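Scroll down for the structure; my scribbles are underneath it.
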Amino acid sequence: MLVSYAAWAGGLMTNTNYHIAFDRMFARGATFEIDAAFSNPAGLAWGHEGWQLSFNWQSPRQDRDITTSFPLLQPMYGSTNHTFNGKATAPFVPALFASYKHDRWAVSTMIGIVGSGGFVEYKEGVPMFNVLLASMLASNGLTPDHYKLDSQMKGKQYIYGGQLNFTYRLLDCLSAAVGLRANYYDGYYRGHVRAYDHPVFDDLVGLELDVDQRGWGFTPLVSVDFHSGPLTLAAKYEFRTKLNIPNTTNTLSAGLGGKLQQMLINTNPAVLQTIATTLDTKTTAYKDGEKTRYDMPALLSVAAGYEFTPNLRASVEYHFFDDKHAKMSDDRQDKLTHGTHEVLAGVEYDINKTFTVSMGGQHTDYGLSDDYQTHTSFACDSYSVGFGGAVNLNEHLRLNLSYFVTLYDDYKKDVPSYLGTGQAGSDTFSRTNNVFGVGIDYKF
């Protein structure tokens, strides 16, 4: 019911910000540092000789709002326009990196939240279900001034990943790496919508949902790195990850309360059957054992880095997420106009042997369309800006600090027949995003 994309950089189902160095620079596809275990595994052929470890912690905060314009909202909320505010949080998001290099070869690993990640809650529910119930009641002569609406929706969606890479320097200027990532999907959907006769408190109609989803998928990946003098060129390809996640349904109920049901039995039994069929159709996807596709798309990243001086480095990078060929629920991938395009750039400067500062930016274009956007799963194109720094506490230990903000474009969707009611309405989807991060790198 509720796909809870939280505060992450990357594609519709894939994250790219694990290490704090990404948050403060973005374009990390040509790095040789420890975060190359994700962003450029082949580049570790020129990295630190011996062991490296890194622990990273991020705290993202995001609003996911739906502003709906529809006549039926007037008696429900006092205005034909109402904003349903969704709060997405993931207060503690860790990531671990490790690598070992000896001469021409290296092995590395990364463990983190590789897809989606976080919780989202709509304390007033979402218009999809609130308006649906209100419309059903209105068609039977019950307007919102005759009942009270109690609605709440929340969800969790994490894809945990553990990645292992093997790197080898083929030539003095060329290296390659292969890897495999195991992905574990863990999510749930909890919610209810109830309309009850106030002050009698007799349920008129209601929907209650409690569903858990868990499953596995695997991602092969390859990367290459060309390094000559100050120039580095790198490319990485992650294959599509198939995730077909079954429901474990703890609670699923949708129906009319006794008072309304008896009224319709006496006055219009045909409408009673229509309502029952509608509610059953709306809840089919959440029945026990039903499966939902959450494929992570194939990802191609290419990057170029250049060291202008021993203290000044810059990189540019491009990502393509092949979302059009990654299966989604109800084949929603077909409703995208194209896969996700991302352009990234960053610069890093060593002030001295102790302090480093960096900043970067990213633009993300998802290829959205009206048919793709829904109340329970929507995205917005964005620009992100990040900055931060690193402090070499000693020759082995480095502290990383970062902050980045994402600025989203609002997406407005006009609907001639809102939720099949025959009346025009519109939705404006908007988001905000702020991420703070801190990390520790250690070299043996």
Given the structure, is Lys282 open to solvent by 50 Å² or more (accessible area, probe 1.4 Å) and either modelled with pLDDT under 95 or touching a helix residue (DSSP H, G or I) at 6+ places or on another chain (Cβ under 8 Å) (or both)?
yes
The condition of being aromatic (Phe, Trp, Tyr), surrounded by fewer than 20 Cβ atoms within 10 Å (Cβ to Cβ) and on the phi < 0 side of the Ramachandran plot holds, among Tyr372, Tyr383, Tyr418, Tyr366, only for Tyr383
Inter-residue pairs, beta-carbon under 6 Å, first open to solvent by less than 10 Å² (accessible area, probe 1.4 Å) and in region 119-141, second in a helix (DSSP H, G or I) and modelled with pLDDT of 80 or more, 6+ apart:
Val131/Leu419
Which residue is least open to solvent (accessible area, probe 1.4 Å), if the candidates are limited to region 89-115 and must be within 20 Å of Ala42 (Cβ to Cβ) and either among the acidic types (Asp, Glu) or in a loop (DSSP other than H, G, I, E, B) (or both)?
Arg104
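Taking the condition modelled with pLDDT of 95 or more, of a type outside the set (Ser, Thr, Tyr), in a strand (DSSP E or B) and under 26 Å from Ala298 (Cα atoms), does Val347 pass?
Spelling it out, it is not the case that Val347 is modelled with pLDDT of 95 or more, of a type outside the set (Ser, Thr, Tyr), in a strand (DSSP E or B) and under 26 Å from Ala298 (Cα atoms).
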Sole residue being surrounded by fewer than 24 Cβ atoms within 10 Å (Cβ to Cβ) and closer than 22 Å to Tyr237 by Cβ, chosen from Phe32, Phe38, Phe26
Phe32
For region 276-324, which positions are of a type in the set (D, E, K, R), over 30 Å from Leu207 (Cβ atoms) and part of a loop (DSSP other than H, G, I, E, B)?
Asp322
Take region 265-301 and flag every residue that is hydrophobic (A, V, I, L, M, F, W, C) and touching an Asp or Glu at 6+ places or on another chain (Cβ under 7 Å).
Ala298, Leu299
Whichever residue in region 142-153 is farther than 30 Å from Arg240 by Cβ and either part of a strand (DSSP E or B) or of a type in the set (Val, Ile, Thr) (or both) and, among such residues, is least open to solvent (accessible area, probe 1.4 Å):
Ser151
Name, by its number, the condition in (1) charged (D, E, K, R); (2) modelled with pLDDT under 95; (3) open to solvent by 40 Å² or more (accessible area, probe 1.4 Å) that does not hold for Arg332.
(3)
For region 68-81, how many residues are in a strand (DSSP E or B) and touching a residue at least 24 places away in the same chain (Cβ under 8 Å)?
2
Between residues in region 82-98 that are without any contact (Cβ under 8 Å) to a residue 12 or more places away in the chain and residues that are open to solvent by 30 Å² or more (accessible area, probe 1.4 Å) and among the polar types (S, T, N, Q), which pairs lie under 7 Å by C-beta distance while being six or more apart or on different chains?
none
Applying the selection to region 245-275, what residues are part of a helix (DSSP H, G or I) and open to solvent by less than 50 Å² (accessible area, probe 1.4 Å)?
Leu260, Leu264, Val271, Leu272, Ile275
What number of residues within region 362-399 are of a type in the set (A, V, I, L, M), at pLDDT below 95 and assigned to a strand (DSSP E or B)?
0
Looking at region 280-298, which of its residues are over 18 Å from Val114 (Cβ atoms) and charged (D, E, K, R)?
Asp280, Lys282, Lys287, Asp288, Glu290, Lys291
Among (1) under 30 Å from Ser253 (Cβ atoms); (2) outside any helix (DSSP H, G or I); (3) not aromatic (Phe, Trp, Tyr) - the single one Gln62 does not satisfy
(1)
When every residue in region 116-136 that is of a type in the set (A, V, I, L, M), touching a strand residue (DSSP E or B) at 6+ places or on another chain (Cβ under 6 Å) and outside any strand (DSSP E or B) is compared, the one nearest to Phe429 (Cα to Cα) is Val126
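Each row is one residue, and each column tells you yes or no for (1) open to solvent by less than 50 Å² (accessible area, probe 1.4 Å); (2) at pLDDT 95 or above; (3) within 16 Å of Asn40 (Cα to Cα).
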residue: Gly155; (1), (2), (3): yes, no, no
residue: Asn165; (1), (2), (3): yes, yes, yes
residue: Ser175; (1), (2), (3): yes, yes, yes
residue: Leu231; (1), (2), (3): no, yes, yes
Collect the residues in region 32-59 that are within 27 Å of the chain's Cα centre (by Cα) and either at positive phi or assigned to a strand (DSSP E or B) (or both), keeping them in residue-number order.
Leu53, Ser54, Phe55, Asn56, Trp57, Gln58, Ser59
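The values are calculated or read from the model by the stated rules, or taken from the named source; none is laboratory data. The structure displayed is predicted, hence computed values, not measured ones. Neighbour counts are summed over all protein chains in view; Cβ atoms, including those assigned to glycine, are modelled from backbone coordinates with ideal geometry. These area figures cover heavy atoms from the full protein model, side chains too; ligands, DNA and RNA do not enter into them. Shrake-Rupley method; radii C 1.70, N 1.55, O 1.52, S 1.80 Å.
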